[in-house]
Structure formats: C-alpha cells, structure tokens
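**Q** Take a look at this one; I'll ask things after.
Values quoted throughout were computed directly from the atomic coordinates according to the rules given, and no laboratory measurement underlies them. The model shown is predicted, which means the values in this text are computed figures rather than measured ones. A quick note on method: Cβ atoms are made from the backbone with ideal geometry, for glycine too, and the neighbour counts reach across all protein chains shown.
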C-alpha cells in the first residue's frame, strides 16, 4: 500500500494516459477528451501535492527515491501539464485527427519526467529520460502541416537522440568506474572516484542529455527550430514542464556527485563556461529574430544559461536558487506561450509583427504577455527579478563577481528584444481591430498564472522556504 | 499602519484603483490620481514637519521580515535626506498629475504606468533594505519605456529604448556589486543601517565602489554616461519629463549617497578625485552643449546634465573632508531645488508645446507678449537655473561652489565657468524666444495662455522655489543633522 502511495503521481498519470487512449480509440469527441485531460492534470497535481510529506523507496531499494524534492518537482511538472491541457481547448495547429492523441502523449511524457526526478539507478534514469522524450518527439510531429511537423520533429529527435546517446555513453563509463548502476553506491565511492579527472569528464557526458532538454549550450541547436515550428501547445509543454524536469535532474546529479567537501572545480568550471556561452549566444541570436516563438526559443537558451549559474555553484544555495527559478521560469514562459497559442490559432508561424494592435484587440492577453516578458527580462514585481537575485547571489557567494557581471550585462542586452515585443503589442497599430475571443478557461488560467508570477515575486518567502526544504531533502 | 507605509500606499492604492476603474471613466481615473498625490503630499509635509532634525539619524522605522532565510526585510525608515526627497517626489507627483489633466490618449494606462513609476521612487527613498532598494529602483526605471514610447513625441522609439538600455546597463553594474556587499559583510542581512556599521575591507571597497557609483551614476546623468538623458527628456510627455528629470535622476544621486558613500566610505574617498573631475566636466560640458541647442527641451535636458553634475560633484567633495559639510548639504539641497526647477521647466515647455506644436527656440521670437503667464513661469525656472539669489538653487549651488573652491581651487574656477555658461544659455533662450521681435505666427496663442486651474501646478512649483529661496534653513536644518552623521566616517 505504501509503495503505491509513494508511486501515486506517476500512477495517476499513467492511468490518465490509459483513459485518454481508450477515449480516443472509442472515438470520443474532443470536448470529452479535453475534459479527461484536465481531470488527469488536476488529479496529478493533487496526487503530487498529497505525497509531499511522504518519503521512501518504493518497490526496490536504491532504485527510486521519493523525497520532498522529487514530489515538489512532480507537482510543478504536473502543474505544467495541467496548464498545457487547460489552454488546449482548441489546439488548431495540431492535425485535427490527432487532437485526442496530443494530451495522451504529453501525459506519458509527464510520467517519464516524474520518474526522472526520482530515478536513483542508471538504467531507470535512462529509461525515464527516454520515456520523457519520445512522446514529445511524436507530439511535435502532430502538426497540421505534415511537412512542418515532420521537419520539426526530425530535427528535435535526431539531436535529442545524439544527446541521449552521449548520456548513455557516459553512464556506461560510470558503471565501469564504479562497478555499480546505483547512484547511491556510486556516490558512496566518491572518495576514490572524485580524485580521477575521468570521473568528472564522465559526469559531464552524463549531463549532456539533460542539458539538451534544458537547451543549454552546446546542445541548444534544436530549441529555436523546434520552438518555431512545433504545434503551439506542444512547445508550451516543452518550454515549461520539460525544462523543470531537466533542471531537477541536473540538481539531483550535481547534489550526488558534488556534496560538500568534494572538489568539483573542473566540472563546475565547465558548467560555468557553458552558462556564459548559452546566455551570450541565446541573447545575441534573439536580437535579430522576427518570429516570436523562435525568439522565445533563443530566450530559452539564454535562460538555460541563467539556471546553470545556480547549478555550477554546486552548493545548496545555488541549487535552491536554480529550483526556485525553474518554478518561476516555467510560469513566466507559460504566460508568453499562452498568448502565442491564442493569437496563433490560424497561423503556423507567429511573427512578432502579428502582435500589432494586441492591446486593443485583446487587452487581457496583452497584459498577460507584458507580465510574462517582464518576468523573462527579470523585472520586479515578477518572480524573474527575485529569481535572478537568488541565482546571482549564490554565484557571488562563491566569489564569481565577473561571471555575475557578465550575466547581468546579458540581462540588459536581452531587454532590447523583449522590449521590441512589448512595443509591438502595446504601441504598434494593428491592421485589424477585430477582438480576439479567448475562452473562459484560458482567461482564468492566464489570470491565475499571472497572479502566481507576481505572488512569487512579491511574497517569495513561502516558495523559497519550499525550495530550501526540497534541496535539503536532495542533499540530505 | 505607520506614516511611511501610508506614503507608499498612496500610489500603490491608486494604482490598484486605476486598474479596476474601466478605461472610459477617464475623469474618475484623473481624480483618483490627483487625490492620491494630494494625500501623499500632505503625508510628506507631515513627515517633514515631524521629522526630528535635532535628533537626526533614521526615524519612523518599520521592519517586517520578508524572506528570513536570506535576511530580506520590508524595512522603511527616513533620514533627513530622504525626508526632503520624499517631499520633492510628492510635489512633482501632484503637479505632474495636474499637468497631464488634459491627456486624452489611453489615459488609464498612462496613469497606471505613472503610478508605478512613483511607487518605485517613493520605495527607493524610503527603503533601508538593500534588496527592496534595488527592487524599487528597477520599478521606477522601467515604466519610462512605455511612457515615452506611447505618449511621447518626436524620436520617441529611439529615445525610449536608449533610455531603458542605458539605465538597465547601469543596473547590471549594480547587481553584482550589491550582492557582493551583502556576502562580504558576513552579516546575512540586507539591512542597510546594519551594513553601514560594518567596516568592509578597504581593498574590497575600492574594488566595488566604482560599480556602485557608475551604476547609479548613469541615472544621475553622470558624464560621459548621460546620453540617454537629453533625448529621453525631449521625447517624453510633460509629466514624464517632470518626474524623470525632477525625481528619477535624483534616485541615481541618492543611490550613490545611500549605498556608495554610506556603506563604502573608503572606496568613496579613494575614487572621489576621479569622479569629482567627471562631474565637473559634466557641469561645464552640459552647459556648453545647452548653449548650442535649438530645441527648448534639449536646452533643459542638457541643463539637467549640468545641474546634476553639481550634485554629484558635491557628493564627491563631501567625502574629501575639507568642506564636507557644505558640499553634502549643497548636493542634497541641489537635488531638491533642481527637482522642483526642472519640473517647472518641463511643465511649462510642455504647455507651450501643446499649444504651439513647436519647440524650436528661434521660431518663437517674442512669445513674451503673446503668452505672458507661461513665459513668466519659464523665466522663474530659468533664473533659478542660473542660480539667481532669492530662488532655492542659489543656496545649493553656492554651498557646492564654496566647497569646491576650498577643496580644489582649480575645480572651483571651472565650476564658476559653468555657472557663467548657464547664464548664457538661459539668457539666450529668453532673448530669442521671449523678448525678440514678435512673430505674428503665434498671435493665435494669445487666448491660450495659462489660465484658471492650469496655473495651479506651476504656481505651486514657483512658490516652493521662492519659499526655499528665502528660507533655506527650513530645508538645511533637516539635512544638516544627517550630513553630520554621514560625515563622521570621513573625519
């Protein structure tokens, strides 16, 4: 019984996926499927939150760890799915005969991501990672235009598989070095392992797959392409839940291989340079984009760089900041994509120009976008500001003044392209005055998420305390 | 709730109300803003009257822990400096709302952004927690972008983007610097009062101080990082220019004072000669460039660079010891006087521009006979800018000049050259635009001069300038006690 309870969120997701599968086999109307997807999302969030006080290792000892960290992250991932489900009332960029399948694939991916955050054994880790990846490859291909979907999915999948192959290669070395596939056992041998440079090289290889999901340099090439061309709803999922899962597992691995007292300077240094490269490259490339989703893709690369600031410190404060930022980032980019979904109903591609006149056509959507972009820029009162504050603070604590200066200058550069988007939405005159009709559910979700982004920025205490608790469970 | 929170609540509450009022209820929105500004004004005057200048130091302290794990708290308190700067903000806020009373385009959004800006400004002046200080600083800067972009004129897109990029580049310098101060203190708190008591390692101070100084200095219009300021002034709508030049630039100078000089005294002394030189260049350079401008607003924009140079110069002279008391008193007094003066300038130029749709100085000829009231008001501001006795700036500039002459005689001479140049550009504007040959083109404006309630905001500003011109001690007494406290680290 207790094992079942510990595995409840994943079970709920799997059952949900099964129900969605049946519904689609029996040809249920999309309205019904949508309702079921929403229900599964709510159930998954509730189940994850319900398991917060639980801790343990279900089924086989040492393979799968349930602690506050994993369950906290699962709740965020489930929240990401629920968000995507809620805005998918009419996923018009998805092929109409595949509408019912999209939520199912996303729910399966959610299951994989949840398992990823708990996996403590190399094979489980790898399988979870693939379970989180494949359904998304397929969902991306469900675009209503076969050529766009095919291209998008192929690019995403090929690069994803290369990254996961690198991870697998790294995992095999890890097994070779330590003689065990259990992360617990490996971490108990750190005393001898950590002195070998090869070990740190291997750790970086292992991280490749997760850095790919995070769209961090040098595994970021898919992000702009896939963001631009994948169905809007699917990208929303990739940009939110998937990012949180990647950050969580990076935190997990870093916490295991670099607990206090282990000299991880080499890996840390490499991650720092990756961070600098990601944010600089992402921001500079984003300056010249005309497509909103592509711009958000490059912005995701830049944000991967910001998150790595916290992770490369390899300290509790840094991981806490990364986790806190992951939660905030998911909500901020969710807001931006909500607007993309709404204004991009009839378009395969959403250009920045098409935002013109948005403040007249849909004032609420314009405000949603404003808050989302303010968050990404890092302006108060959104979580973007305090999130960066925590990340930078963790790095300054390690004496990385110049690094933080580079990151801060990067944020100033990023301001330019975000402001151009805001300018278009709030200032440019549109060609049509026709109001954009937005469903009640979407508006409620927009309002709720906006409130969340501001609440996290204005009263961060509760969220920060939870992040601290989660990382304590992780490091403990 | 205590006094300082009440002041902060005025714009915040008004912001919430404005967001709730439907956009077409324009009149209601204006009244909400005006009343909140009035209320903030009354509370600020109450603060000024009740602040115990004899006791000095921080008063009206409010602390609520915010994120305890990292030592962030909602911590408000005022010293003599912030007391008068809060009053300055309230005056400019109130007169700004009145100046924009006739605005008809996207009124709700305009006032919402303006209230956000004012919230940020109050927040900076009231906060004694480094985190909130920086947070409010960013809150104050960002609304400038939409305010200039949507309601501005001329080259507004360029100006708006330039301004925000410059200012947030300044923040980029501040970000690591403020966090470094926090971590170097080892106190685990962002409480600026406690941080000020900590003696940081001299090498650390010398390293970090330039980041703080330049980061805030950008907003103070410090030469050579002033480029955003004149273009921003010119493109912004009147009330935004008023707030921008009147109050926002003071945030930069106040930041240098509250974070740089207070927390990093050794660094401040080390860098003072360099930065004093930059500031002095700014004083002369701004005045020189102002002479050659053909656009009203550019003249005022560059005069702001010049006048803010005096403030920054005063701050740097203050730490050098020889005439510290005069220098710092003068710098803070100048913040106040210049704030009121530029608000008056922009309020009036905006008024003339809205009627004439021209800002070209030579175009006007003899506007003095066509719009006598508006021109008189402008002349008061101009005389104040030139440092004429009887108006508030006189005392401020005098104090800084004396300090400059005592500390670095050569620098003092340079500054006096700046003063002469100021007189030149002010008189040039008077003669070319107001007292030249009457241009028939503007005869239509005769009936459009300031009248009725339009006089009110300008009258308030003139009255303040004159009052403190004749009774400088009403301000200096409040400032002086705090100056002595701050300067104890430098004796």
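**Q** Taking every residue in A:374-385, how many Cβ atoms of other protein chains lie within 10 Å of its Cβ, on average? Please report the intermediate quantities before stating the final value.
**A** Working: counts 1, 0, 0, 4, 4, 7, 10, 6, 0, 0, 0, 5.
Partner Cβ neighbours, averaged per residue: 3.
**Q** Continuing with the same structure: Order of B:351, A:452, B:490 from fewest to most other C-beta atoms within 10 Å?
**A** The most exposed by this proxy come first: B:490, A:452, B:351.
**Q** Would you kindly calculate the translational diffusion coefficient of segment A:271-318, applying Stokes-Einstein with the Kirkwood radius from alpha carbon pairs, for 20 °C and a viscosity of 1.002 mPa s, and quote it in µm² s⁻¹ without decimals?
**A** It comes out at roughly 198 µm²/s.
**Q** Ok, one more. Normalized C-alpha radius of gyration of segment B:13-73, against 2.2 N^0.38 Å?
**A** On the way: Rg = 17.5 Å, N = 61, 2.2 N^0.38 = 10.5 Å.
Segment B:13-73 yields a ratio of 1.67.
**Q** For segment A:204-225 and segment A:118-195, write down the distance between their C-alpha centroids in whole Å.
**A** Cα centres, segment A:204-225 to segment A:118-195: 11 Å.
**Q** Please give the direction-averaged projected area of the C-alpha convex hull for segment A:4-103, in square nanometres with one decimal.
**A** Details: hull surface 26.4 nm².
Convex hull of Cα atoms, orientation-averaged projection: 6.6 nm².
**Q** Report the Rg/Rh value for segment B:322-378, based on alpha-carbon coordinates and the Kirkwood definition of Rh.
**A** Details: Rg = 16.3 Å, Rh = 13.4 Å.
A ratio of 1.22.
**Q** Could I ask something else about it? Quote the Stokes-Einstein diffusion coefficient, in whole µm² s⁻¹, for segment B:332-412, based on the Kirkwood radius over alpha carbon pairs, a temperature of 25 °C and a viscosity of 0.890 mPa s. Display every interim value, and only then the final one.
**A** Details: Rh = 14.2 Å.
Roughly 173 µm²/s, to the nearest whole number.
**Q** If a/c stays under 1.5 just call it rounded; otherwise compare a/b with b/c (prolate if a/b is bigger, oblate if not). Do that for segment B:371-436, with a ≥ b ≥ c from the square roots of the Cα gyration tensor eigenvalues.
**A** Because a/c hits 1.5 or more and a/b fails to exceed b/c, segment B:371-436 counts as oblate.
**Q** Could you list B:371, B:39 in order of exposure, starting from the residue whose Cβ has the fewest other Cβ atoms within 10 Å? List each step's numbers first, then the result.
**A** Values: B:371 25, B:39 19.
So the residues, fewest neighbours to most, are B:39, B:371.
**Q** Continuing with the same structure: Specify, per residue and in Å³, the volume enclosed by the convex hull of the alpha carbon atoms belonging to segment A:23-179. Numbers along the way, then the final one.
**A** Working: hull volume 18.1 nm³, N = 157.
Value for segment A:23-179: 115 Å³ per residue.
**Q** If N is the number of residues in segment B:234-377, what value comes out of its Cα radius of gyration divided by 2.2 N^0.38 Å? Don't jump to the answer; show the numbers that get you there.
**A** Numbers: Rg = 17.2 Å, N = 144, 2.2 N^0.38 = 14.5 Å.
Compactness ratio reported: 1.18.
**Q** Could you pull the Rg and Dmax for segment B:243-319, using just the Cα atoms, both in Å?
**A** In Å, with Rg to one decimal and Dmax whole: 13.5, 43.
**Q** Compute and list, largest first, the equivalent-ellipsoid semi-axes of segment A:83-161 from the alpha carbon gyration tensor, each √(5λ) rounded to a whole angstrom. Walk me through the numbers on the way to the answer.
**A** Numbers: eigenvalues 124, 51, 11 Å².
Semi-axes (√(5λ), whole Å): 25, 16, 7.
**Q** What distance in nm separates the simple spin-label points at residue A:127 and residue A:402, each placed 7 Å from Cα in the Cβ direction?
**A** Those two pseudo-labels are separated by 4.7 nm.
**Q** Continuing with this model, one more query. If each residue's Cβ is checked for other Cβ atoms within 10 Å, how do B:458, B:24 rank with the fewest at the top? Intermediate values should be presented prior to the final figure.
**A** Numbers: B:458 25, B:24 10.
Result, fewest neighbours first: B:24, B:458.
**Q** Taking every eigenvalue of the Cα gyration tensor of segment B:147-196, multiplying by 5 and rooting it, what semi-axes result, largest first, whole Å? Walk me through the numbers on the way to the answer.
**A** Working: eigenvalues 265, 24, 7 Å².
They are 36, 11, 6 Å, listed largest first.
**Q** Taking Cα centroids, how far is segment B:113-166 from segment A:275-345 in Å?
**A** Computed from Cα coordinates, the inter-centre distance equals 24 Å.
**Q** Here's something else I'd like to know. Along its three principal axes, how long is segment A:1-59 when you only count alpha carbons? Whole Å, largest extent first please.
**A** Reported extents, whole Å, longest axis first: 40, 20, 12.
**Q** Ok, one more. Compute the Cα gyration tensor for segment B:1-103, then decide on rounded, prolate or oblate, letting a ≥ b ≥ c be the square roots of its eigenvalues: rounded whenever a/c is under 1.5, prolate when a/b is larger than b/c in the other cases, and oblate in all that remain. Walk me through the numbers on the way to the answer.
**A** Working: a/c = 3.13, a/b = 1.50, b/c = 2.08.
Oblate.
**Q** Between segment B:267-304 and segment B:23-74, how many Å separate their Cα centres?
**A** Computed from Cα coordinates, the inter-centre distance equals 32 Å.
**Q** Does segment B:400-483 come out rounded, prolate or oblate by the C-alpha gyration tensor, with a ≥ b ≥ c the root eigenvalues, rounded set by a/c under 1.5 and, if not, prolate when a/b is larger than b/c and oblate if not?
**A** Values: a/c = 5.44, a/b = 1.50, b/c = 3.64.
Because a/c hits 1.5 or more and a/b fails to exceed b/c, segment B:400-483 counts as oblate.
**Q** At R0 = 60 Å, how high is the FRET efficiency between residue B:413 and residue B:55 if r is their beta carbon distance? Nearest 0.05 is fine.
**A** Values: r = 39 Å, r/R0 = 0.65.
Working from the Cβ atoms, E equals 0.95.
**Q** Cα-based Rg of the protein assembly as shown per 2.2 N^0.38 Å, rounded to two decimals? Walk me through the numbers before you get to the answer.
**A** Values: Rg = 29.8 Å, N = 967, 2.2 N^0.38 = 30.0 Å.
Compactness ratio reported: 0.99.
**Q** Dividing the convex hull volume of the alpha carbon atoms of chain B by its residue count, what do you get in Å³ per residue?
**A** Numbers: hull volume 60.3 nm³, N = 491.
Taking the convex hull of the Cα positions in chain B, it is 123 Å³ per residue.
**Q** Pairwise over distinct Cα atoms, reciprocal of the mean inverse distance: report the Kirkwood radius of chain A in Å, one decimal place. Please report the intermediate quantities before stating the final value.
**A** Working: mean 1/r = 0.0455 Å⁻¹.
Kirkwood hydrodynamic radius for chain A: 22.0 Å.
**Q** Roughly how tilted is helix B:130-141, in degrees to the nearest 10 and between 0 and 90, from the longest Cα axis of chain B?
**A** The answer is roughly 10 degrees.
**Q** Working from the alpha-carbon coordinates of segment A:365-436, get Rg over Rh, Rh being the Kirkwood radius.
**A** Result for segment A:365-436 is an Rg/Rh of 1.14.
**Q** For segment B:144-274, compute Rg over Rh where Rg is the Cα radius of gyration and Rh is the Kirkwood radius from the inverse mean 1/r over Cα pairs.
**A** Values: Rg = 16.4 Å, Rh = 15.5 Å.
For segment B:144-274, the value is 1.06.
**Q** Applying a 10 Å radius around every beta-carbon, put A:375-382, B:383-390 in order of their mean neighbour count, most first. Let's see the in-between values first.
**A** Numbers: A:375-382: 26.2, B:383-390: 20.0.
Listed from highest to lowest mean packing, they are A:375-382, B:383-390.
**Q** Plugging the Kirkwood radius over Cα pairs into Stokes-Einstein for segment A:91-236, at a temperature of 25 °C and a viscosity of 0.890 mPa s, what D comes out in µm²/s?
**A** Details: Rh = 16.2 Å.
Once the numbers are plugged in, D ends up at 151 µm²/s.
**Q** Oh, and also: Using 0.36 nm per residue of separation minus the Cα-Cα distance, give me the extension gain between residue A:55 and residue A:162 in nm, one decimal.
**A** Numbers: separation 107, 0.36 × 107 = 38.52 nm, distance 3.45 nm.
Between residue A:55 and residue A:162, full extension yields 35.1 nm more.
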